[in-house]
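Structure, as structure tokens:
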Amino acid sequence: MKHSLSSLLLFTILSSCISTSSDTESYLVTEEKMSYEEWLVLARHDIRLFPMYGHAVKTSKQLEADAEFVESAIADAGSPDSASNYYFKKACTHMKQRDLQTVMYRLNQAWLLNVKNPDVYRGFGWVYLQLEQYDMAIKLFDEGLGIDPGNEDLLSMKTLVIKQAKKGS
């Protein structure tokens with residue numbers, strides 16, 4: 001059942017990233033999962049693997065790199081919203097391969113460009129769903145709903161994850 005929930009939620013999140021049903025089918029392929037413990041080992045050395053960079057205190061060099069990235073991405077896209085959406089869609093392309101690390105990197109870039117983009121929180125939640133961290137996924141969906149309380153995609157994903165978590169209890 002976990003596989004079907006994961007596939008359904010992947011389809012839901014990718015529906016805003018893709019345009020044809022034939023593309024959708026290719027996103028449902030599964031690959032070997034990384035455990036949450038393995039993820040945490042990697043994340044200890046890379047703040048980009050935590051949503052919102054783990055709210056880490058960044059060095060001046062990191063802050064400078066962030067500022068340069070934001071300036072360049074907005075110049076290319078025309079606005080913070082457009083730039084954030086562009087990086088969210090880049091994350092979506094890596095969801096197809098279930099490359100969780102790159103997905104998280106791109107989601108964090110999208111968040112850096114627009115902390116109020118609800119799709120980013122949906123993406124963060126999807127990553128934690130893949131890691132079978134349902135409570136964290138729900139928490140991230142709730143953060144997105146705090147920005148956009150009527151967001152149907154976030155509400156649907158949260159409902160499905162809550163149902164799955166109850167079945168697993």
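Residues are listed down the side, and each one gets a yes or a no for (1) among the small types (Gly, Ala, Ser); (2) out of contact with any Gly (no Cβ under 8 Å at 6 or more places or on another chain); (3) free of Cβ contacts under 8 Å to residues at least 60 places away in the same chain:
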{"residue": "81", "(1), (2), (3)": "no, yes, yes"}
{"residue": "84", "(1), (2), (3)": "yes, yes, yes"}
{"residue": "88", "(1), (2), (3)": "no, no, no"}
{"residue": "91", "(1), (2), (3)": "yes, no, yes"}
{"residue": "99", "(1), (2), (3)": "no, yes, yes"}
{"residue": "111", "(1), (2), (3)": "no, yes, no"}
{"residue": "134", "(1), (2), (3)": "no, no, yes"}
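Got a number for residues in the stretch 35-50 being touching a residue at least 60 places away in the same chain (Cβ under 8 Å) and either of a type in the set (Asp, Glu) or assigned to a helix (DSSP H, G or I) (or both)?
Within the stretch 35-50, residues that are touching a residue at least 60 places away in the same chain (Cβ under 8 Å) and either of a type in the set (Asp, Glu) or assigned to a helix (DSSP H, G or I) (or both) number 3.
Scan the stretch 146-159 for residues that are surrounded by 18 or more Cβ atoms within 10 Å (Cβ to Cβ) and part of a helix (DSSP H, G or I) and jot them down. Lay out the reasoning, then the answer.
At the first step, the residues of the stretch 146-159 found to be surrounded by 18 or more Cβ atoms within 10 Å (Cβ to Cβ) are 151, 153-154, 157-158.
Across the stretch 146-159, the qualifying residues are 153, 154, 157, 158.
Only one of (1) at pLDDT 95 or above; (2) under 18 Å from residue 103 (Cα atoms); (3) not in a helix (DSSP H, G or I) fails for residue 32. Which number is that?
(1)
Kindly indicate the residue of the stretch 107-141 that is of a type in the set (D, E, K, R) and in contact with a helix residue (DSSP H, G or I) (Cβ under 7 Å, 6 or more places away or on another chain) and also modelled with the lowest pLDDT among those meeting that condition.
Looking at residues that are of a type in the set (D, E, K, R) and in contact with a helix residue (DSSP H, G or I) (Cβ under 7 Å, 6 or more places away or on another chain), I get 132.
Do we have residue 74 as surrounded by 15 or more Cβ atoms within 10 Å (Cβ to Cβ) and at pLDDT 95 or above here?
yes
Run residue 98 past the list (1) at positive phi; (2) basic (Lys, Arg); (3) in contact with a Cys (Cβ under 9 Å, 6 or more places away or on another chain) and report the number of the one that doesn't hold.
Just one mismatch for residue 98, condition (3).
So, of the residues in the stretch 102-145 that are of a type in the set (Phe, Trp, Tyr) and over 15 Å from residue 158 (Cβ atoms), which turns out to be surrounded by the fewest Cβ atoms within 10 Å (Cβ to Cβ)?
105
Only one of these is surrounded by fewer than 11 Cβ atoms within 10 Å (Cβ to Cβ), in a helix (DSSP H, G or I), out of contact with any Pro (no Cβ under 9 Å at 6 or more places or on another chain) and at pLDDT 95 or above: 61, 90. Name it. Talk me through it step by step, then tell me what you get.
Working: 90 fails: surrounded by fewer than 11 Cβ atoms within 10 Å (Cβ to Cβ).
Matching residue, one of 61, 90: 61.
For residues that are farther than 20 Å from residue 63 by Cβ and assigned to a helix (DSSP H, G or I), scanning just the stretch 94-114, find the one that is nearest to the chain's Cα centre (by Cα).
If we take residues in the stretch 94-114 being farther than 20 Å from residue 63 by Cβ and assigned to a helix (DSSP H, G or I), then 103 is nearest to the chain's Cα centre (by Cα).
The values are calculated or read from the model by the stated rules, or taken from the named source; none is laboratory data. Small disclaimer: the values here were computed from a predicted structure and weren't measured. Quick reminder, even Gly has a Cβ in these numbers, built from the backbone with ideal geometry, and neighbours come from all protein chains shown.
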